[in-house]
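Where a number appears in this text, it was derived from the coordinates with a stated rule and is not lab data. As the structure is a computational prediction, the values presented were derived from the model and not from experiment. Using ideal geometry, Cβ is built from the backbone for each residue, glycine included, and neighbour counts are taken over all protein chains shown.
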Amino acid sequence: MTRRSCGIRAHIAAVPMAIVIASTCGAAAQGTGLLGKSKTPVVIKAEQGVEWRRKEKIYVARGNATARQGQTRIRANELKAHYRQGAAGKTQVWKVTATGEVDIRTDKKTATGDVATYLVGSGVFILRGRNLKLATTTQTITASDRIEYRSADKRADVIGNAKVVEDDKVIRASRLVAFLKEGANGKMLMRRVEAHGEVLITTQNDVIRADLGDYNGETKLATLTGNVKLTRGNSQLNGEKAIVNLDTGVSRMVGRVKVLMVPGDNSPGGQQGNVVAPGLSGRDNVKPGQDADRK
């Protein structure tokens, strides 16, 4: 069965069922999202068949369903391709939803979750459910509530137990905004991270807590503000603002500062081991270099 229009040519093939959606007017597949600006066909396959709901303007693919365009592949238990009539009567796929064991892969990043929604026109990908992850060659971003990725500005909004891991550096907060960039070698790199609420940064030597954080992935400088507590070895620096180089460990407190030194400890810049900083509870005792799970 073949359907032709100005905007989409959809061909439903034999088992395993497949739909080939090709842009004949350059409109259907030119979103700026993870699928990219491409005129190549979108091929949707499924092991349990494809359903065409003409009145609802939806294609539904079930059973190990995949949508592939160029180097991008979306796999899920169920995929829905929503289409509509655009300008001059052109038919356009405007939204793709994926449900159940969602796995999205490109040549530069991968993403997983329970439910994913891709808005073609705006290039926005929204992941929800358990085991949310967006990974590049150098970073891993996870969350418990939602990850919203905007391809146009390479921005990821990470909500709920948000975490970014880069080498031995871990940044956690209630909400993170991560800005990525493409490096000279084609790899995706973390340009900057904004951290909001219950910020926790761990490195090989330091455990840093604050209300807000801003990390520059190029300079490796983290600027922390609000109730800052920097723990190194058995000693702690408290203040309202700190600037820390997460690679070198050099830190600078700005404004009124309180330093808690433990006799016999050479910190800051000294011993590694269990952090037992004065004034912290047991749940705050973290080994430098480890990620502290928080409820």
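So the values come out like this:
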{"read-out": "Test: THR248 is surrounded by fewer than 19 Cβ atoms within 10 Å (Cβ to Cβ) and either polar (S, T, N, Q) or part of a strand (DSSP E or B) (or both)", "value": "yes"}
{"read-out": "Tally of residues being within 24 Å of LYS169 (Cα to Cα) and either surrounded by fewer than 20 Cβ atoms within 10 Å (Cβ to Cβ) or in contact with a helix residue (DSSP H, G or I) (Cβ under 6 Å, 6 or more places away or on another chain) (or both) across segment 121-135", "value": "4"}
{"read-out": "Within segment 185-210, considering residues that are of a type in the set (D, E, K, R) and surrounded by 20 or more Cβ atoms within 10 Å (Cβ to Cβ), the one farthest from SER235 (Cα to Cα)", "value": "ARG209"}
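The rows are residues; the columns are (1) touching a residue at least 60 places away in the same chain (Cβ under 8 Å); (2) not in a strand (DSSP E or B).
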residue: HIS196; (1), (2): no, no
residue: ILE201; (1), (2): no, no
residue: VAL207; (1), (2): yes, no
residue: GLY213; (1), (2): no, no
residue: THR219; (1), (2): no, yes
residue: ALA222; (1), (2): no, no
residue: ASN238; (1), (2): no, no
residue: LYS241; (1), (2): no, no
